[in-house]
Amino acid sequence: MAKGTIITGLDIGSSKISVVICHTLSGLDGQMEIIGVGEAESKGLRRGVVVDINLTAEAIREAISEAELMAGVNVESVCLGISGDHVHGQSSPGVITVKNTAQITREDVERAVQSARTIAAIPDGQDIIHVIEQNFVIDMNNRIKEPINMSGSRLEANAYIITSSTSAIQSLLNSVEQADITSVDTLVVTPVASAKAVLQRDEREVGIALADIGDQTTEIIVYKEDAIEHVVVFPVGGQHVTNDIAQYLKVTLPMAEELKLNRGCAWTEWVRDDETHPIPITTGAAPPKFINRYDLAQIIEYRMVQILEEIQCELGNVQLPGGLVLTGGTALMEGLAELAEQVLQLRVQIGYPKPLKGLTDRVNYPMYSSSIGLALYGEALRREQKQAQAMSRGAGAFGGVFRKIKEWFGY
């Protein structure tokens with residue numbers, strides 16, 4: 001198996017580290033086969049941010065080793081996801097004068113996008129992760145998707161700039177390096193990766209939102225006309241539901257997590273009349289306590305409504321004909337999609353990763369959306385680089401797409 005055909009997605013979440021190793025199939029235009037999957041309990045993280053590099057590195061090694069054993073390859077580089085409420089997004093316009101008004105070139109487009117990057121107000125302590133083209137304006141013609149080869153004297157690029165905490169980036173990269181990973185191919189904010197794995201182009205075109213509800217964070221990304229409109233991460237997720245259950249029932253967190261996963265329901269109206277039998281709760285040597293499933297659903301619903309109302313606040317009044325897609329580890333909770341439709345008054349569906357070849361049965365779940373999306377994102381960048389090299393024989397702005405991330409940020 002050729003070394004250059006391996007792509008590995010590494011998703012470092014607050015509760016779980018997921019690794020997906022893929023092999024690019026020759027002659028199939030980027031088609032990939034999943035050949036290895038690994039996961040480990042997260043250590044040394046809080047709300048998606050590394051707080052103990054040694055513990056995080058240990059967990060990364062564990063997940064990588066499991067995936068390597070399954071795939072029969074050694075992982076030397078990864079496409080790395082980054083998340084946390086330190087991730088921020090903003091739109092930024094950039095304007096240039098076109099050199100040759102008869103034909104706009106790739107160089108003109110790159111200068112316009114660079115202008116948008118330069119103009120963006122980046123807060124202190126933040127680094128740019130993505131500069132993503134939204135649309136262009138040529139003279140007075142608005143919302144053009146592909147300006148190359150068109151005519152005009154003034155080119156405006158509307159770009160979406162996504163930034164992340166400088167210290168969070170450095171801690172994450174240091175953890176990966178300490179886990180004996182040679183290099184990072186690309187760094188991607190995880191809502192962008194999740195969207196890559198779950199959303200179809202026609203959905204992004206018409207207007208759709210995706211919410212990845214993880215353990216300690218919820219990530220939202222909104223698309224209109226196949227362009228990113230909004231990205232935000234807020235620090236509430238499935239772990240807060242577990243905490244509520246533990247506090248209300250006076251049980252341990254593992255017991256609360258078990259109740260949530262095995263007996264939980266996000267909407268009280270979804271609890272059937274024949275499910276009124278008390279659920280026993282054992283707490284060590286103490287006599288068992290009992291809770292009705294309806295009462296358990298009340299605890300869960302209260303917190304899930306809070307999360308959904310926060311999502312609603314972030315979506316604002318934007319029109320979303322495609323509705324909302326829920327993905328991530330919490331998305332499969334019974335009744336959540338139905339509750340979300342009631343709260344948000346939107347069409348809501350559960351988002352699964354796009355089917356690939358290989359070990360799809362291992363990863364065909366919403367909690368793997370980010371790790372699969374990271375591999376897909378890395379493969380798309382690799383193909384772009386090859387195409388650009390074929391056109392320019394390695395020259396131009398795309399020549400460094402796969403530079404080491406530490407070189408990008410000067411670490």
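Averaged per residue, the chain has 45 square angstrom of accessible surface, using a 1.4 angstrom probe with ligands and nucleic acids left out. Peptide packing: for 189-199, 6-16, the average count of neighbouring Cβ atoms within 10 Å per residue gives the ranking 189-199, 6-16, highest mean first. Computed from point charges on the beta carbon alone (+1 for Lys and Arg, -1 for Asp and Glu), the dipole magnitude for the chain about its Cα centre is near 880 Debye.
Report the longest stretch of the chain that contains none of the GluC sites (Glu not before Pro) sitting in a DSSP loop with at most 13 other Cβ atoms within 10 Å.
Longest stretch, sites excluded: 226-411.
With the whole protein complex present, HIS230 retains an accessible surface near 50 Å², based on a 1.4 Å probe. In the structure shown, the pairs LYS43/LYS250; LYS43/LYS386; LYS43/LYS224; LYS43/LYS145; LYS224/LYS260; LYS260/LYS354 are assessed against 31 Å; a Cα-Cα span above that value is assigned to LYS43/LYS386; LYS43/LYS224; LYS43/LYS145; LYS224/LYS260. Based on Cα atoms of the stretch 35-142, Rg over Rh with Rh as the Kirkwood radius reads 1.17. Note on the stretch 95-141 and the stretch 330-388: Cα centroid distance 30 Å, given to the nearest whole angstrom. Measure nothing fancy, just the Cα-based angle from helix 166-178's long axis to the longest principal axis of the chain, in degrees from 0 to 90, nearest 10. Here the helix axis deviates by roughly 80 degrees.
Antiparallel beta bridges, as assigned by DSSP with both residues in the chain, represent about 80 percent of the total such bridges.
Translational D (Stokes-Einstein, µm²/s) of the stretch 158-277 at 4 °C and 1.567 mPa s when Rh comes from the Kirkwood sum over C-alpha pairs? Taking Rh from Cα pairs, D becomes 73 µm²/s. Distance between the C-alpha centres of the stretch 182-257 and the stretch 18-66: 17 Å, rounded to the whole angstrom. The apolar share of the surface of the chain, taken as the fraction of accessible area on carbon and sulfur atoms (1.4 Å probe, ligands and nucleic acids excluded), comes to 48 percent. Short-range pairs are left out: with C-alpha atoms under 8 Å and at least six residues apart, the relative contact order of the chain is 18 percent.
Within 12 Å, Cβ to Cβ, of THR217, how many net charges do the neighbouring residues add up to if Lys/Arg are +1 and Asp/Glu are -1?
Overall, the nearby charge balance is -3.
Determine the calculated [θ] at 222 nm for the chain from helices alone, applying -39500 (n - 2.57) to every DSSP H run no shorter than 4 residues and normalising by the residue count; nearest 500 deg cm²/dmol.
Roughly -11500 deg cm²/dmol at 222 nm, from the helical runs in the chain.
Against the main long axis of the alpha-carbon atoms of the chain, helix 369-392 sits at an angle near 10°. The average projected area of the stretch 281-390, computed from the convex hull of its Cα atoms over all directions, is 11.7 nm².
The values are calculated or read from the model by the stated rules, or taken from the named source; none is laboratory data. Note that the coordinates shown come from a computational prediction; the quantities given were computed from them, not determined experimentally. Here Cβ is always computed from backbone atoms with ideal geometry, including for glycine, and neighbour counts include all displayed protein chains. Just the protein is used for accessible areas: all its heavy atoms, side chains included, with ligands, DNA and RNA removed. Shrake-Rupley method; radii C 1.70, N 1.55, O 1.52, S 1.80 Å.
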